[in-house]
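S.K.: Quick one: the structure is below, and I'll ask about it shortly.
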Amino acid sequence: MTRSISLLLISFCLFFFLTIYATANDKPSPYEEIYPEIGYKTVEAALEDFEQHFKQKLKLPLRVPPISFTHHFGRFGDINDSFEVTFINDQLSENHYKIDVRPIKNNIPIREKYVVKTFELKNGSVATYMTISGFNVLVFERDDWQYMLSIDKRVSDKVTPETLIDIANSIDY
């Protein structure tokens, strides 16, 4: 009986040591590995894919939110013809900003229950500010595209609706 207890104790100690060792050495994969695995590439490469698909240039905002980012990735999906740029910070998860662009014919409908306010952009078009699933989102249409600028709600004290309006207006170049 003591032999089986000793074996059980040794097995438990070995399991415990391996678990602690594996946990201590099991670092999460860096974003440079994770994002390409789910279809992201450089913003420039994704934009080129998008522009080749539609055979026209796409204007993106020149400005970004006034918070720090460590990475940015792009993705173009043929399924719904959407282009996405994601800005993230590997040290501050709340620093997450996204630009989605799709043809107006494939637009995402705006549901009134999420609408907080509407604004007028410099070019006269209407922008709708909404809150959806942990994000503040500014949606507007321009040149046959629907743009969605999304920012994590946790930075709403630094990135206000007016900041998103300024970013949207920075497309006029």
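S.K.: What distance in nm separates the simple spin-label points at GLU162 and LEU60, each placed 7 Å from Cα in the Cβ direction?
M.R.: 2.7 nm
S.K.: What is the distance in Å between the Cα centroid of the stretch 123-173 and that of the stretch 42-76?
M.R.: 16 Å
S.K.: In terms of Cα to Cα distance under 30 Å, which lysines are near enough to LYS158, apart from those fewer than 8 places away along the same chain?
M.R.: Answer for LYS158, where 30 Å is the Cα cut-off: LYS41, LYS59, LYS98, LYS113, LYS117, LYS122, listed by chain and number.
S.K.: How long are the semi-axes of the equivalent ellipsoid of the stretch 51-105, defined as square roots of 5 times the Cα gyration tensor eigenvalues? Whole Å, largest first.
M.R.: They are 25, 12, 9 Å, listed from largest to smallest.
S.K.: Let me ask something additional. How long is the gain from THR131 to GLU112 if the chain were fully straight, where each residue apart is worth 0.36 nm and the alpha carbon distance is subtracted?
M.R.: 5.8 nm
S.K.: Just the Kirkwood number for the stretch 18-173, please: inverse of mean 1/r across all distinct Cα pairs, in Å, one decimal.
M.R.: For the stretch 18-173, inverting the mean 1/r across all distinct Cα pairs yields 16.7 Å.
Since every read-out is calculated from the coordinates, none of them should be taken as a lab result. Source: prediction; values computed, not measured. In this analysis, Cβ positions are derived from the backbone assuming ideal geometry, glycine residues included, and neighbour counts consider all displayed protein chains.
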